[in-house]
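The values are calculated or read from the model by the stated rules, or taken from the named source; none is laboratory data. As the structure is a prediction and not an experimental result, all values here were calculated from the model. Note: ideal-geometry Cβ built from the backbone for every residue, glycine included; neighbour counts use all protein chains shown. In case anyone asks, the SASA skips ligands and DNA or RNA and just uses the protein heavy atoms, side chains included. Shrake-Rupley method; radii C 1.70, N 1.55, O 1.52, S 1.80 Å.
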Amino acid sequence: MAIASASPCIPIQNDGPRSQSILSPNSVLRRRIHFGGIHLVKMPSFEVKNGYVKKISVFGETESVATDVSSALKDELFVRFFREAWPYFLAHRGSTFVVLISSEIVDSPHLDPILMDISLLHGLGVKFVLVPGSHVQIDRLLAERGSEPKYVGSYRITDSDSLSAAMDASGRIGFMIEAKLSPGPSLSGIRRHGDNARRYDGVNVARGNFVAAKRRGVVEGIDYASTGEVKKIDVSHIRERLAQDCIVLLSNLGYSSSGEVLNCNTYEVATACAMALGAEKLICIIDGPILDECGRLIHFLTLQDADMLIRRRAKQSETAANYVKAVAQEDLNAAYDDSNHTVPSPNGTAFSQAPKFQNGVGFDSGNGFWSSEQGFPIGGQENLGRLNGYLSELAAAAFVCRGGVQRVHLLDGTIAGVLLKELFQRDGVGTMVASDLYEGMRMARVTDVQGIKQLLLPLEESGTLIKRTEEEVLGALESFIVVEREGHVIACAALFPFFEEKCGEVAAIAVSPECRGQGQGDKLLDYIEKKASSLGLQMLFLLTTRTADWFVRRGFSECSIECIPEERRKKINISRRSKYYMKNLLTDKSSIR
C-alpha cells in the first residue's frame with residue numbers, strides 16, 4: 001500500500017463499483033452530499049500554475065481561484081489510507097514490540113518524530129519496550145573528560161571513567177525520552193469531537209531494574225572491568241508495566257546480584273528482551289538502509305537466506321563469526337529433534353536452534369538447554385567503522401529469529417515516518433527478516449506427487465477442484481509449490497504463468513484437514529503473489545465454483561471470461577459453470593527468487 005505524493009495524475013478510490021476515477025490538473029471532482037448518498041459532480045476545467053489552479057469558464061475566460069490543488073488529493077488519500085490500513089490496525093493491536101533505537105539516531109533530530117510515532121502507535125494499542133543506544137554519547141563524554149574509549153570485539157572495556165560516563169549518558173537519554181513522550185495529542189482537535197472533561201495526558205514511561213547482569217570478567221587475558229553480560233530479563237514485571245498501559249524503557253545498564261551497576265551491550269539487552277518476552281517484533285532503528293551488492297534495498301529475507309548471507313561473510317567479519325559460533329549447536333538440536341524433543345520458544349512455538357554463546361555468555365538453565373534470554377551483542381570497532389555495512393545488525397536479526405521472535409525489522413531512521421511506513425504498508429520501507437512467513441515452503445519435487453494427490457483428492461471428490469491424475473500432476477510439477485512439515489506435505493498450490501499476457505492462474509490450493517485454520521492457505525497465496533510479481537506478471541486469475549468468498553476477502557474481484565487468456569479459455573469446461581476472479585498485482589519488492 002503506497003501513499004503517493006500529489007502528482008499530475010493520481011487514482012482516486014471511491015466506494016461504488018467501477019468508481020475509480022483519475023484526478024488530473026484539468027479535471028477536479030467535487031463531492032456533493034445528499035441524504036440519499038454521495039454524488040460526484042464534475043467542475044469546470046482548471047489550469048495549474050505554481051501549485052494553484054485557475055478556473056476556465058465555458059466562454060474561455062479565466063478566473064483566479066485560491067484553492068490549492070493538493071487539498072482534494074489529501075482528503076481522498078486520507079480516507080484511502082485508513083481503509084487500506086485497517087488490517088494492520090487489527091494485526092498490531094495488543095502486540096508487543098521491542099524497539100532498539102541506535103545511539104546515532106538518539107543523537108540526531110530524527111528521534112523526535114520517531115518518538116511521536118511510537119506515542120501514536122501506543123495509543124492504537126501497541127505495547128512497546130524501548131532500548132536506546134548510548135555509545136555515541138558515552139564516547140563524547142569520555143572525550144570531554146580527557147579519556148579514550150576502549151573496545152575489544154563487540155564489547156566496551158568499562159573502566160571507572162567509562163562506567164561513570166555510561167551512567168550519565170543513560171540518565172540523560174532516559175529523561176530526554178520521558179520528556180518527549182510526555183506531551184499528549186493536540187487538545188484543539190480532540191475538543192471538537194470528544195468529551196471536554198476527559199484528560200488526554202502523555203504516555204506513562206516505566207523504568208526499573210529489569211535487567212539482571214553478571215560481570216563479563218577476564219576473557220582471553222583481557223579484564224573487561226565493569227562490563228556486564230545479560231543474565232536474566234525480569235519478564236513478569238515488564239509485562240506488569242505493559243499491562244498498566246506504560247511504555248517500558250530499558251537502558252544498557254544491568255544490575256548484578258551483588259548490587260553493582262554494570263555496563264551492558266545495548267543489542268544484547270534488546271535481543272535478550274525480545275526473546276524473553278516472546279515479542280511479536282524486534283524493530284531496530286538504525287542510521288542507514290540494508291542494501292544488496294547492487295546498492296538496492298533488501299525488503300525481505302527469510303531466516304534461511306539471512307543465515308546463508310551471514311555465514312558467507314564469517315571469515316571477513318568478527319560479528320558474523322560470533323553468530324556462527326552462537327548457533328553451532330545445530331547438530332545437537334537435530335539429535336533432540338530425532339528424539340521428538342524441540343526447544344520451546346517464549347511465545348509458545350517451537351524452534352530448532354538453541355542459541356548459545358562462547359566465553360560464558362550463555363547460561364545453562366539446568367535442564368540441558370540453553371536459556372533463551374541471552375542476547376546477541378554487536379558493536380565495537382567493526383560497527384563504529386562500518387567495515388561490513390550493517391552485517392552485524394543482520395546477524396542480530398537472524399539470531400533473534402532463531403530464538404522465537406518471528407519478525408525483525410531493520411529500519412533506516414533517517415526516513416521520515418519510517419515506523420508508520422513500515423508497519424502500515426504492504427512492502428514497507430525497511431528490511432524484514434522473518435522466521436515464519438514462508439517456513440517450510442518450497443517448489444515441488446517428484447517425491448511430492450503422492451503427497452499432493454492426497455491433498456487434492458478430497459477436494460476433487462467434492463467437486464471443489466477439477467480432477468488431476470498423477471501423470472497430470474507430474475507434468476505440471478514445476479508449477480506446484482508445497483509446504484512441508486516434518487517430512488510431510490501439508491499444503492500445496494499451483495501457479496500457471498501466461499507470460500505473453502503477463503498474467504498467471506492460481507490453482508489447486510489445498511491444505512491438509514489437521515492443518516487448516518493455521519494460515520497455511522494465506523501463506524501460499526501470498527507466496528504465489530510475490531512469485532508472480534517477481535516473474536513480471538501483473539495479474540492473477542482463477543476459476544472457482546465453491547471458494548469465491550475466500551478469494552474475495554483476499555482482494556480478488558469477479559471478472560468476465562474475456563479477462564482470461566485465450567489459450568486458457570479454450571480448455572475451460574463450461575459445464576462446471578465456474579466463476580472467474582482476478583487480482584492486479586503490485587510491483588515485487590520481496591526478493592523471492
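What the table shows:
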| item | result |
| --- | --- |
| Within the range 417-428, tally of residues that are closer than 12 Å to Ile285 by Cα and more than 8 Å from the chain's Cα centre (by Cα) | 3 |
| Residue selected from the range 125-175 under the condition among the hydrophobic types (A, V, I, L, M, F, W, C) and free of Cβ contacts under 8 Å to residues at least 24 places away in the same chain, by the criterion most open to solvent (accessible area, probe 1.4 Å) | Phe175 |
| Residue within the range 268-286 that is under 20 Å from Gly379 (Cβ atoms), touching a residue at least 12 places away in the same chain (Cβ under 8 Å), among the charged types (D, E, K, R) and surrounded by fewer than 24 Cβ atoms within 10 Å (Cβ to Cβ) present | no |
| Filter result (part of a helix (DSSP H, G or I), in contact with a Gly (Cβ under 9 Å, 6 or more places away or on another chain) and farther than 15 Å from Ala279 by Cβ) within the range 374-403 | Gly380, Gln381, Glu382, Ser392 |
| Counted residues, the range 441-453 - those being touching a residue at least 24 places away in the same chain (Cβ under 8 Å) and open to solvent by 30 Å² or more (accessible area, probe 1.4 Å) | 4 |
| Members of the range 96-145 that are assigned to a loop (DSSP other than H, G, I, E, B) and touching a helix residue (DSSP H, G or I) at 6+ places or on another chain (Cβ under 7 Å) | Asp107, Leu124, Val126, Gly133, Ser134, Arg145 |
| Selection from the range 75-103 of residues that are open to solvent by 60 Å² or more (accessible area, probe 1.4 Å) and touching a strand residue (DSSP E or B) at 6+ places or on another chain (Cβ under 9 Å) | Asp75 |
| Near pairs, Cβ below 8 angstrom, 6+ apart or cross-chain, from the range 239-263 (farther than 20 Å from Val129 by Cα and modelled with pLDDT of 95 or more) to any residue that is open to solvent by 40 Å² or more (accessible area, probe 1.4 Å) and not in a strand (DSSP E or B) | Val261/Met167 |
| Failed item in (1) open to solvent by 10 Å² or more (accessible area, probe 1.4 Å); (2) under 30 Å from Val324 (Cα atoms), with Gly430 passing the rest | (1) |
| Subset of the range 146-176 [under 19 Å from Tyr224 (Cα atoms) and assigned to a loop (DSSP other than H, G, I, E, B)] | Ser147, Glu148, Pro149, Lys150, Gly153, Ser154, Ile157, Asp159 |
| Residue within the range 298-306 that is assigned by the TED database to the domain that holds Arg241, more than 30 Å from Leu90 (Cα to Cα) and at pLDDT below 90 present | no |
